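Written below as structure tokens is the structure these notes are about.
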Amino acid sequence: MTDDAAREAEQQRLKLEKKRERYVWYYLAYFLFGIHIVAFVMIYAVLHAK
């Protein structure tokens, strides 16, 4: 493998890694947002229970 090919392969790997890392952050954000929605609904239910 030539130096240029190795550098290109490394660039592709870094690009893919950055994309996957962004997806992990999106997943984490949606997960935490969802947990808060559930918590607020549960708090509302407990406070308004008869």
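A short reminder: the numbers here are calculations on the coordinates, not readings from a lab. If you're wondering where the values come from, they're calculated on a predicted model, not measured in any experiment. Note that we place each Cβ from the backbone using ideal geometry, even for glycine, and neighbour counts take in every protein chain shown.
Things worth noting here:
- The chain: calculated mean residue ellipticity at 222 nm from DSSP helix runs of at least 4, using -39500 (n - 2.57): -33500 deg cm²/dmol
- Total formal charge among the other residues, if their Cβ is under 14 angstrom from that of Leu16, Lys/Arg +1 and Asp/Glu -1: +2
- In nm, spacing of pseudo-spin labels at Lys50 and His36 (7 Å Cα→C-beta vector): 3.3
- Label assignment, volume of the Cα convex hull per residue in Å³ derived from the structure, set (i) 118; (ii) 89; (iii) 33: (iii)
- Lys19 paired with Asp3, simple spin-label distance in nm, labels 7 Å along Cα-to-beta-carbon: 2.8
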